[in-house]
């Protein structure tokens, strides 16, 4: 069987930056074990698989180790593939996912995603979490992931996490964030339990970061920067029960998988 594959760098206008995601359009769903094997072979933080169905696409995301319920950058990458290869006349696409219907709209060179909000609540700063991060945060909040808050951008840049210790935490990921020097806020995201020691740019983390910083800064529209080695820029809007996250994309690779 031959499967088309595209590799798209998301949240950047140029290749070799942002977050690379593989996108594989399928004619019909195949065994989950094969999808997971392809994701492991790709060894990117996410591989997206999509199948056309009526007026929308069904979309699923796999890390090298597991299927996940939400991934922002791979959704942006999947929309790039739809708009440039699968249905070039569309300016809006709806993806049916485990997190509900996600809409992506093309606005010039930017792709705008409508994502569900992820709320967090304050919790204690545990020794295990401090050990995993290598530094003690000023505040910690709990949601899908831990959201850890530091006073300065420099502290986020200088974090050197202990990924072995982080894998033992009871939540799959850790967000580290602070006010930005140029952007409204900055972050890094770690999920070694999912096979992603550090994610280059994480759209889904901004489903929690956006409402958090919107309340803290008193702003609905914000610019965000993820401080990974590759780096990435996101525009975020707090829409109440939804979060609008947008960015640019760049195609790196187009090819065929033989399985």
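Taking Cα atoms only, the orientation of helix 32-42 departs from the longest principal axis of the chain by about 70 degrees. Got a sec? Which residues in the range 243-258 would a label at residue 1 touch, if it sits 7 Å along Cα→Cβ and we count backbone N under 16 Å? Under 16 Å, as judged by backbone N against the label point of residue 1, lie 256-258 of the range 243-258.
If you take the alpha carbon atoms of the range 115-259 and fit the smallest convex hull around them, that volume is 131 Å³ per residue.
Binning the C-alpha pair distances of the chain at 5 Å intervals from 0 yields a P(r) profile of 1, 6, 14, 19, 20, 17, 12, 7, 4, 1, 0 %, listed from the shortest bin outward. Contact order for the chain, expressed relative to its length and based on alpha carbon pairs under 8 Å spaced 6+ residues apart, stands at 23 percent. Within the chain, antiparallel bridges make up roughly 80 percent of the DSSP beta bridges whose residues both belong there. Rounded to the nearest 0.05, the FRET efficiency derived from the C-beta distance between residue 26 and residue 119 at R0 = 35 Å is 0.55. Note on 89, 56: ascending count of other Cβ atoms within 10 Å places them as 89, 56, the fewest first.
Using R₀ = 30 Å, calculate the FRET efficiency as 1/(1 + (r/R₀)^6) where r is the Cβ-Cβ separation of residue 34 and residue 89; round to 0.05. Display every interim value, and only then the final one.
Numbers: r = 31 Å, r/R0 = 1.04.
E between residue 34 and residue 89, to the nearest 0.05, is 0.45.
Normalising the Debye intensity of the range 3-51 to I(0), with uniform scatterers on Cα atoms only, and taking log10 at q = 0.16, 0.17, 0.25, 0.28 Å⁻¹ returns -0.45, -0.51, -0.92, -1.06.
Counting other Cβ atoms within 10 Å as a rough exposure proxy, the listed residues 241, 184 run 241, 184 from fewest neighbours to most. Beta-bridge orientation, the range 121-240: approximately 75 percent antiparallel, per DSSP, counting only bridges with both partners inside. The calculated FRET efficiency for residue 128 paired with residue 253, based on their beta-carbon distance and R0 = 45 Å, is about 0.70. For the chain, the longest principal axis of the C-alpha atoms and the axis of helix 206-217 are separated by about 40°. Label-to-label distance for residue 142 and residue 171 is 0.8 nm, based on points extended 7 Å past Cα in the beta-carbon direction.
Between 0 and 90 degrees, rounded to the nearest ten: what's the tilt of helix 72-81 against the longest Cα principal axis of the chain? Orientation of helix 72-81: about 20 degrees from the principal axis. Working from label points 7 Å from Cα in the Cα-to-Cβ sense, the residue 52 to residue 65 distance is 3.6 nm.
With an 8 Å cut-off on Cα pairs and a minimum separation of 6 or more residues, tell me the relative contact order of the range 121-240 in percent.
Values: 236 pairs, mean separation 22.4, N = 120.
About 19 percent, as a whole number.
Coordinate-derived values only; no laboratory data. The shown structure was predicted, so the numbers you read here are calculated from the model rather than taken from an experiment. Positions of Cβ are generated from backbone atoms using ideal geometry, with glycine treated the same way; all protein chains shown enter the neighbour counts.
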